[in-house]
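The structure under discussion appears below in the form of structure tokens.
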Amino acid sequence: MPQLSSKHLLGIKDLTADDIELIFHTADNFKEVINRPIKKVPSLRDITIANIFFENSTRTKLSFELAEKRLSADVINFSSSNSSVKKGETLLDTVNNILAMKVDMVVIRHSSPGAPHFLARHIDANIVNAGDGTHEHPTQALLDTFSIREKLGAVSGKKVAIIGDILHSRVALSNIFALQKLGAEVMVCGPSTLLPKFIGEIGVKVELDVKAALEWCDVANVLRIQLERQQIKYFPSLREYALYYGINRQLLDQLDRSITIMHPGPINRGVELSSDVADSDHSIILNQVENGVAVRMAVLYLLAGIASDN
């Protein structure tokens with residue numbers, strides 16, 4: 001059986017193009033499974049997975065939990081808001097206590113960049129990064145690129161614009177790495193205050209005009225403004241941001257061709273996307289949600305296969 005090149009999924013940066021294609025091929029099979037009347041397979045029947053979320057999450061946590069249950073894994077859900085972390089327990093102590101209960105795999109979301117990498121160096125279980133600070137969110141990038149492949153037939157050669165708050169987004173960096181590994185052209189677009197200083201050094205185009213970005217791209221992956229991560233004001237107001245960078249139907253209708261609209265969620269309707277765009281035929285946002293379960297099933301299944309062979 002083909003295997004991933006790593007026993008962990010810490011970031012897209014660590015994956016090869018072959019790894020990504022293997023995940024996609026496996027996700028294709030699991031997408032068939034989750035559209036059957038009986039949606040469960042016994043693939044991870046003897047595996048115990050702990051979902052350890054130190055940050056709030058709805059979509060990602062639900063998607064992982066559903067993927068795990070579709071694979072028949074035993075699931076433990078941990079939330080830091082009602083745990084001994086509040087009493088001063090360290091990350092490593094928390095995870096080691098969970099592992100003492102014979103957990104095989106840890107899915108972790110943490111506000112500190114590098115937290116999953118730290119765990120991977122100190123514990124034996126497979127680690128899946130469900131988002132670490134503003135660093136990476138690998139499974140989101142995998143489901144996004146999988147959705148592009150499904151919609152357009154391929155990722156290679158496609159032009160993808162990532163529009164919005166690039167500075168604070170872990171989704172942006174993971175998407176850039178995934179798209180580049182699969183041969184897509186990538187552009188980032190947003191106010192200059194929301195673009196990292198290094199962004200031009202990693203092989204992406206930079207555009208400040210959203211209309212120019214939309215005219216260039218085949219796919220627009222629109223990111224929300226992450227106010228919870230912003231310590232200072234990066235633009236005058238949400239109303240002004242929506243005026244200059246919000247995507248509405250009128251803007252799409254002015255283009256000379258149809259483009260695909262994506263969003264990792266949650267959507268701030270009326271800010272980065274108007275409702276008539278989010279709910280339009282251009283949008284594959286709900287397809288992304290469905291694909292997220294299949295892609296996460298594929299990741300968990302492949303990592304469990306590596307563990308069982310070691």
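Helices (runs of 4 or more DSSP H) fully within the stretch 88-173 that include at least 2 residues being within 29 Å of Arg45 (Cα to Cα) and within 13 Å of the chain's Cα centre (by Cα): 138-152.
Here Leu92 meets each of (1) touching a Leu at 6+ places or on another chain (Cβ under 8 Å); (2) modelled with pLDDT of 85 or more with one exception, condition (2).
Within the stretch 61-74, track down each residue that is surrounded by 18 or more Cβ atoms within 10 Å (Cβ to Cβ) and free of Cβ contacts under 8 Å to residues at least 60 places away in the same chain.
The answer is Glu65, and nothing else.
Being part of a helix (DSSP H, G or I), at pLDDT below 90 and not basic (Lys, Arg) is a property that Gly200 has.
Kindly provide the set of residues from the stretch 203-228 that are over 17 Å from the mean Cα position of the chain (by Cα), modelled with pLDDT under 95 and aliphatic (A, V, I, L, M), ordered by number. Leu227 - this is the single residue of the stretch 203-228 that is over 17 Å from the mean Cα position of the chain (by Cα), modelled with pLDDT under 95 and aliphatic (A, V, I, L, M). Apart from one condition, Leu179 fits all of (1) free of Cβ contacts under 8 Å to residues at least 40 places away in the same chain; (2) over 19 Å from Thr134 (Cα atoms); the exception is (2). Selection of the stretch 47-87 for residues being at pLDDT 90 or above, in contact with a helix residue (DSSP H, G or I) (Cβ under 8 Å, 6 or more places away or on another chain) and outside any helix (DSSP H, G or I) yields Ile47, Ile49, Ala50, Asn51, Ile52, Phe53, Leu71, Ala73, Val75, Ile76, Asn77.
Number of residues in the stretch 254-272 that are in contact with a His (Cβ under 9 Å, 6 or more places away or on another chain), closer than 24 Å to Lys61 by Cα and in a strand (DSSP E or B): the value is 1.
The values are calculated or read from the model by the stated rules, or taken from the named source; none is laboratory data. Because the structure is a prediction, the values reported are computed rather than measured. Positions of Cβ are generated from backbone atoms using ideal geometry, with glycine treated the same way; all protein chains shown enter the neighbour counts.
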